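Following: one structure in structure tokens, then a few remarks.
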Amino acid sequence: MPSSYQAPNRKSEGKAKTTSQSTDTNTSSDVATVQRVLDHKGGSVFSIRPQDTLGDAVKVLRDRRIGALLVTDANGSLQGILSERDIVRKLAETPGQTLPQQVSDVMTTAVQTCTPDEPMVSVLRRMTEGRFRHMPIADGTGLVGMITIGDLVNYRLMELEHEALQLKQLIVG
């Protein structure tokens, strides 16, 4: 060992301490928005008319393998949302007489929407507090997509996997 080497001690001037996780890094200005999920998922919007029957709605839900439909008028304006949960409630109330009923009699009319630039965290919070799993996305031109709690969770899991891979590459080299 060279004679000029001196092991670091408390008085050594070194680099400032860093942390891998902090409030600042976890709430950075680069906040993930709904648009990021929409970019991965696509902006397909499946809708039905208020005068259609629940039987029609059930077929679309089955064929498209989705859990909710937006209810729009002839101009494409949002009138409500119809979820599997709405249909199940109606089945319990009117057994054997549910499928011929109109969508307008069962749909939820007080629909919360979000914008593509809204932070995902805020959308997830609103969905959790409101106890609903689907939220339409609208911008100045109209409906541009639908986001689900599953979409948000899957996106966050992908982010975490990516972060873990980056850390592994940093450690391994």
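Data for the structure
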item: Net charge of Cβ neighbours under 13 Å - reference residue 83; Lys, Arg +1; Asp, Glu -1; result: +3
item: Estimated vicinal HN-Hα couplings, Hz - segment 159-169 in sequence order (Karplus 6.51, -1.76, 1.60; Gly, Pro = x); result: 4, 5, 5, 5, 4, 5, 5, 4, 5, 5, 5
item: Dipole axis of segment 87-154 (+1 Lys, Arg; -1 Asp, Glu on Cβ), positive-most option in 128, 106, 94; result: 94
item: Alpha carbon convex hull of segment 32-172, volume per residue in cubic angstrom; result: 126
item: Karplus (6.51, -1.76, 1.60) ³J(HN,Hα), θ = phi - 60°, over segment 122-133, in Hz, Gly and Pro reported as x; result: 5, 5, 4, 4, 5, 5, 5, 5, x, 6, 10, 10
item: Net charge, residue 104 excluded, C-beta distance under 10 Å - Lys, Arg +1, Asp, Glu -1; result: -1
item: Shape of segment 69-132, Cα gyration tensor, a/c cut at 1.5; result: oblate
item: Anchor residue 41: aspartates and glutamates whose Cα lies under 15 Å away (excluding residues fewer than 8 positions away in-chain); result: 151, 159
item: Distant-in-sequence amide H partners of residue 80 (H built 1.01 Å from N, under 5 Å); result: 71
item: Under the Karplus curve 6.51 cos²θ - 1.76 cosθ + 1.60, θ = phi - 60°, whole-Hz ³J(HN,Hα) for segment 83-93, x wherever Gly or Pro sits; result: 10, 4, 4, 4, 5, 4, 4, 5, 4, 5, 6
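Only the coordinates and a few stated rules stand behind these numbers; no lab work does. Everything numeric in this text was worked out from a predicted model, so none of it was measured. Every residue, glycine as well, gets a Cβ built from its backbone with ideal geometry; the counts of neighbours run over all protein chains shown.
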